Amino acid sequence: MVNAPANCGQNWEHVVQAAKKKVIEKLNNILQTDIEPLIEIEQILDPLQIENQTSSYMGSLYGTSSNSKLAAFVRHPNFNNNIKGLYFCGGTVHPGGGIPLCLHSAKIVSNLIQSKKNNVKREIIITINSKHFPLRKIRK
């Protein structure tokens with residue numbers, strides 16, 4: 001599986017072929033053999049297809065900002081400042097994609113809802129490599 005950026009009008013036929021070539025070259029180098037003739041089944045799903053099949057915004061599995069070193073810090077928050085009671089969880093919002101992070105996202109939303117219910121002020125903390133970073137204070 002190769003992560004792809006969101007669809008911003010790229011030439012996906014070209015992007016897919018270039019990425020495929022790089023992946024095969026890397027695998028050939030690591031395995032010290034030509035793997036291309038050994039490929040029996042290949043399935044390619046580019047962001048255009050993902051967008052059409054799943055209605056994912058711009059065909060992105062992990063949000064529109066998933067391909068940089070700072071992606072975790074620019075993800076959409078788990079709540080909406082303009083619409084009270086509207087919360088978000090999943091791979092495209094904080095903290096990000098993958099099942100463990102999506103479950104953590106759901107836990108954040110659960111805590112936000114519970115803290116609103118209990119009128120408790122909470123702070124969201126991101127943990128990276130055992131270091132804790134306060135993200136923002138949530139006010140009632």
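The values are calculated or read from the model by the stated rules, or taken from the named source; none is laboratory data. It should be emphasised that the depicted structure is a prediction, and the values quoted were computed from it without experimental measurement. Cβ sites come from the backbone with ideal geometry, for glycine too, and all protein chains shown count toward neighbours.
Condition test on Gly96, is it surrounded by 15 or more Cβ atoms within 10 Å (Cβ to Cβ) and at pLDDT 75 or above? So that I can check it myself, show each step before the final result.
On the way: surrounded by 15 or more Cβ atoms within 10 Å (Cβ to Cβ): yes; at pLDDT 75 or above: no.
The answer is no for Gly96.
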From the set of residues in segment 1-53 that are out of contact with any Lys or Arg (no Cβ under 9 Å at 6 or more places or on another chain), farther than 18 Å from Thr92 by Cα and of a type in the set (Asp, Glu), which is modelled with the lowest pLDDT? Glu40
